[in-house]
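One structure is given here, and the rest of the page talks about it.
The values are calculated or read from the model by the stated rules, or taken from the named source; none is laboratory data. All values reported here derive from a predicted model rather than from experimental measurement. Reconstructed Cβ throughout: ideal geometry from the backbone, glycine too, with neighbour counts over all protein chains shown. Calculation scope for accessible area: heavy atoms of the full protein, side chains included, ligands and nucleic acids excluded. Shrake-Rupley method; radii C 1.70, N 1.55, O 1.52, S 1.80 Å.
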Amino acid sequence: MKRTAIAVILCAATLGPAWAIDIDAFSGRFGVAVINNASGEGAPSPVVNTLGGSVVLPIFIKGFYLNLQPALDLYWTNYEWAVDRAVPTESERGGGNNAFVLGFIVDLPITATFRFNERIGGAAAIGPAFVLRAAFANDDGPDMDANLSSIVSYLWGSGRWFYPSASLRMDVYLQDNFTFAFGVRGSLPIFNLWTDSVSFFDESILHITMSMLVGLN
């Protein structure tokens, strides 16, 4: 038993470097996102601020044009409960029907990068994404607890957190290991295929970002 345990430990120590995550670059970014509200209830489609970042992970070898670029973006807005669904609302709404929603967009795309010349390049990406939302009471009306519970159940029910995404990005190479990027990403509410949504594109997200990529070469 001791010999087996020692062998396992030695194998883990030997293979450990192969399992290590090799990061080519990282970025910080900010932007705006438009959350489509096609329900006819609540407020018009909200435009929200976002803050986030990403890392570049090689798939095969360092410098290969295909890579993984996991990203996390944070946004915030308000929702209300409208009979049978949660919909965006104004932050000033009262009456025990206003939830502050903190959203985390987790994107896991496979990305193809390319260069046009020494200064300009770009990227195209597609992959699974997840919108994870936490809701908090933003009013003290008598129905707030019930409405908040309904909002949370709606946002987490029927797969409403699954948003496959596709994006395009333009890169401007400033100098070695520093790149300015402008990106556009669309997140598709595929869950509307099996829910009773009024429109397939209800709750879709259009996200525009500006970022700075820092290489680690």
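Data overview
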item: Computed [θ] at 222 nm, deg cm²/dmol, the chain (DSSP H ≥ 4; -39,500 (n - 2.57); rounded to nearest 500); result: -4500 deg cm²/dmol
item: Amide proton proximity set for S45, modelled H, under 5 Å, gap of 5+; result: N37
item: Amide H partners (placed H, <5 Å) of S204, local residues excluded; result: N36
item: Stokes-Einstein diffusion coefficient of region 31-133, Kirkwood radius over Cα pairs, 37 °C, 0.692 mPa s, in µm²/s; result: 204
item: Relative contact order computed over region 21-80 (Cα-Cα under 8 Å; 6+ residues apart), in percent; result: 33
item: Among I35, I190, I59: highest mean-square fluctuation, GNM of the chain, C-alpha pairs under 10 Å; result: I59
item: Cut-off 14 Å between beta-carbons: net charge of the residues surrounding N192, Lys and Arg +1, Asp and Glu -1; result: -1
item: Restricting region 87-133 to trypsin sites (Lys or Arg not before Pro) in coil, as DSSP defines it, with at most 14 other Cβ within 10 Å; result: R119
item: Solvent-accessible area per residue for region 92-159 (1.4 angstrom probe, square angstrom); result: 51
item: Carbon + sulfur, % of accessible area of the chain - ligands and nucleic acids excluded, 1.4 Å; result: 67
item: ³J(HN,Hα), Karplus 6.51/-1.76/1.60, whole Hz, each residue of region 71-76, x for Gly, Pro; result: 9, 9, 10, 10, 9, 8
item: Charge tally in the Cβ shell below 15 Å around F100, where Lys, Arg are +1 and Asp, Glu are -1, F100 excluded; result: -4
item: Longest DSSP-loop-exposure-free segment, GluC sites (Glu not before Pro), the chain, at most 11 other Cβ within 10 Å; result: 119-217
item: Region 98-213 shape via C-alpha gyration tensor axes, a/c threshold 1.5; result: prolate
item: Sparse-neighbour loop sites [chymotrypsin sites (Phe, Trp or Tyr not before Pro); region 83-135; at most 16 other C-beta within 10 Å; DSSP]; result: F116
